[in-house]
Amino acid sequence: MEDKSKEIKKGIADLFNKVSVVFDGSGPRFFAYFGKRLVEFANIKKGEKVLDVASGKGASLFLAAEKVGEDGKVIGIDIAVGMVNETNLEIQLRCLKNAKIMVMDAEKLEFTREAFDHILCGFGVFFFPNYKVALDEFMRVLKHGGRFSFSTFLRVKDEKFIWLDALVEKYLPGFVDKDEEEDGPEFDTEDGLYKILNEANFKNIRIVSEEKTFTYKDEREWWDKLWTHGYIRVLEMIPEDKMEDFKREVFEKLRQIKESEGICATMFVLYACGEK
Ligand SMILES: C[S@@+](CC[C@H](N)C(=O)[O-])C[C@H]1O[C@@H](n2cnc3c(N)ncnc32)[C@H](O)[C@@H]1O
């Protein structure tokens, strides 16, 4: 069990190390957008001490640092050293005195009890193999009345893109089904998030959803974006000698849905908050 979870975490760290330089760096920057929206949803206040778990390239960290001001502090943690190095560079570049980031596992926080007013976690919880351990850790390091706010992707997908799973299934038979774990926690429904927070003893739970459309200028921009985040895991499983065919079919489908302004893709996101 311990070994299995270590192996999963190593795979995740390797994956995000690989994309750390390009992460969310091309096309519509949807992680940056949703990261800011998470901070707004969380209603971070001046002077607060905030922990940003699974910080990545700081989609939430930088706005949180602005919100807490010079009397507050934001500490980002991430399991991928590449992400931490990239974000650290940006912190230095912006000369931020109230923010820092370090390599740390969400399931093993190296902080004392009741150290934070708020914990943020943008699109991270579904990566934790023992998410309940992570939530217990969040409870431990939160002050009484402190809040945990996080985001996940909603199960709903843009109807225009349902061909993508079918295409992946064609090139990677069995992959799409295998990826959907039955009886697992539902990070992609409102009821699922409520249950997860409730079982971890969070109070005053609040959940909202958002639907946001992003426009890619053309097929290439949409394709290139796929290689800048977690989806690279799927792409890398497609046999090398099949990649050109896969790409050709993707481009054909994209051409069919392209509109005058470009390729419009709608994303569906959940924001949830619970109080200690
Ligand atoms: C999809 S990215 C999101 C990054 C950022 N929060 C954002 O919204 O752009 C997920 C991040 O979770 C990190 N991560 C995954 N498992 C983790 C763990 N156990 N502890 C800390 N970070 C983890 C990954 O390294 C990656 O940077």
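With springs only between Cα atoms under 10 Å, which of ALA42, ALA166, ALA99 fluctuates most in a Gaussian network model of the chain?
Fluctuation is largest for ALA166.
Determine the dipole magnitude for the chain: charges of +1 sit on the beta-carbon of Lys and Arg, -1 on that of Asp and Glu, nothing else is charged, the reference point is the Cα centre, and the result goes in debye to the nearest 20. Could the numbers behind the result be given before it?
Details: 43 positive and 52 negative charges, 233 e Å.
Using only the charged Cβ atoms, the result is roughly 1120 debye.
State whether the chain is rounded, prolate or oblate according to the following rule on the C-alpha gyration tensor (a ≥ b ≥ c being the square roots of its eigenvalues): a/c under 1.5 gives rounded; otherwise a/b larger than b/c gives prolate, and the remaining case gives oblate. Write out the running numbers ahead of the final one.
Details: a/c = 1.71, a/b = 1.54, b/c = 1.11.
Here the chain falls in the prolate category.
Any of LYS9/LYS46; LYS73/LYS212; LYS36/LYS258; LYS132/LYS276 with alpha carbons more than 22 Å apart? Name them for me.
Working: LYS9/LYS46 34 Å; LYS73/LYS212 30 Å; LYS36/LYS258 28 Å; LYS132/LYS276 15 Å.
Long pairs (Cα-Cα over 22 Å): LYS9/LYS46; LYS73/LYS212; LYS36/LYS258.
For MET102, which sequence-distant residues (separation of 5 or more, or a different chain) have an amide H within less than 5 Å of its own amide H, given hydrogens modelled in the peptide plane?
Distant-sequence amide H within range of MET102: GLY76, ILE77, ASP78.
What is the magnitude of the charge dipole of the range 2-123 about its Cα centre, with +1 placed on the Cβ of each Lys and Arg, -1 on the Cβ of each Asp and Glu, and no other charges, expressed in debye to the nearest 20? Walk me through the numbers before you get to the answer.
On the way: 19 positive and 19 negative charges, 50 e Å.
It works out to roughly 240 debye.
Put +1 on the Cβ of every Lys and Arg and -1 on every Asp and Glu Cβ in the chain; which of ALA42, VAL22, GLY11 then has its Cα farthest towards the positive end of the dipole?
ALA42
At most 16 other Cβ atoms within 10 Å plus a DSSP loop assignment makes a site exposed; report the longest stretch of the chain without any exposed GluC sites (Glu not before Pro).
On the way: sites that count: GLU70, GLU110, GLU114, GLU180, GLU181, GLU182, GLU186, GLU236, GLU261.
The answer is 1-69.
For the chain, modelled as a GNM with alpha-carbon contacts under 10 angstrom, which of LEU135, LEU38, LEU172 fluctuates the most?
Comparing LEU135, LEU38, LEU172 in the GNM, the peak value goes to LEU172.
As a check on your grasp of the helix formula, calculate [θ] at 222 nm for the chain: sum -39500 (n - 2.57) over DSSP H runs of n ≥ 4, divide by the residue count, round to the nearest 500. Please list the in-between numbers first.
Working: 11 runs with 115 residues, N = 276.
Mean residue ellipticity, 222 nm, calculated: -12500 deg cm²/dmol.
Taking the Cα centre of each part, how many Å lie between the range 111-176 and the range 249-276?
A separation of 19 Å, based on Cα centres.
When the dipole is taken about the Cα centre of the range 224-276, and only Lys, Arg (+1) and Asp, Glu (-1) are charged at their Cβ, what size is it in debye, to the nearest 20? Show your work: numbers first, answer last.
Working: 9 positive and 11 negative charges, 36 e Å.
It works out to roughly 180 debye.
Based on the Cβ-Cβ distance of ASP191 and LYS247, what FRET efficiency does E = 1/(1 + (r/R0)^6) give at R0 = 51 Å, to the nearest 0.05? Don't skip to the end; give the middle numbers.
Working: r = 38 Å, r/R0 = 0.74.
Given R0 = 51 Å and the Cβ-Cβ separation, E is 0.85.
For helix 2-19, what angle does its Cα long axis make with the longest principal axis of the chain, in degrees from 0 to 90 and rounded to 10?
Approximately 70 degrees, to the nearest 10.
Through the Karplus equation 6.51 cos²θ - 1.76 cosθ + 1.60, θ set to phi - 60°, convert the phi angles of the range 222-230 into ³J(HN,Hα) values in whole Hz; use x for Gly and Pro.
Using θ = phi - 60°, the values come out as 5, 5, 4, 4, 4, 8, 10, 8, x Hz.
In terms of the Cα gyration tensor, with a ≥ b ≥ c the square roots of its eigenvalues, is the range 62-135 rounded because a/c is under 1.5, prolate because a/b exceeds b/c, or oblate? Kindly include the intermediate steps, with their values, before the conclusion.
Numbers: a/c = 2.08, a/b = 1.39, b/c = 1.50.
It is oblate, given that a/c is not under 1.5 and a/b is not larger than b/c.
How large is ³J(HN,Hα), in whole Hz, for each residue of the range 35-51 in order, when computed from phi with the Karplus curve 6.51 cos²θ - 1.76 cosθ + 1.60 and θ = phi - 60°, using x for Gly and Pro?
Running phi through 6.51 cos²θ - 1.76 cosθ + 1.60 with θ = phi - 60° gives x, 5, 4, 5, 5, 5, 4, 6, 6, 5, 10, 3, x, 6, 9, 10, 10 Hz.
By how many nm would the segment from TRP227 to ARG155 grow when fully extended, if each residue of separation counts as 0.36 nm and the alpha-carbon distance is taken off?
Separation in residues times 0.36 nm, less the Cα-Cα distance, equals 23.8 nm.
Find how many whole Å separate the alpha carbon centroid of the range 180-235 from the alpha carbon centroid of the range 36-58.
Here the answer is 18 Å between Cα centres.
Pairs of alpha-carbon atoms within less than 8 angstrom and 6+ residues apart define the contacts here; what relative contact order does the chain have, in percent?
21 percent
We did not get these values from a lab; they are worked out from the coordinates using the rules stated. Predicted, not measured: the structure shown is a model, and the values here were computed from it. Reconstructed Cβ throughout: ideal geometry from the backbone, glycine too, with neighbour counts over all protein chains shown.
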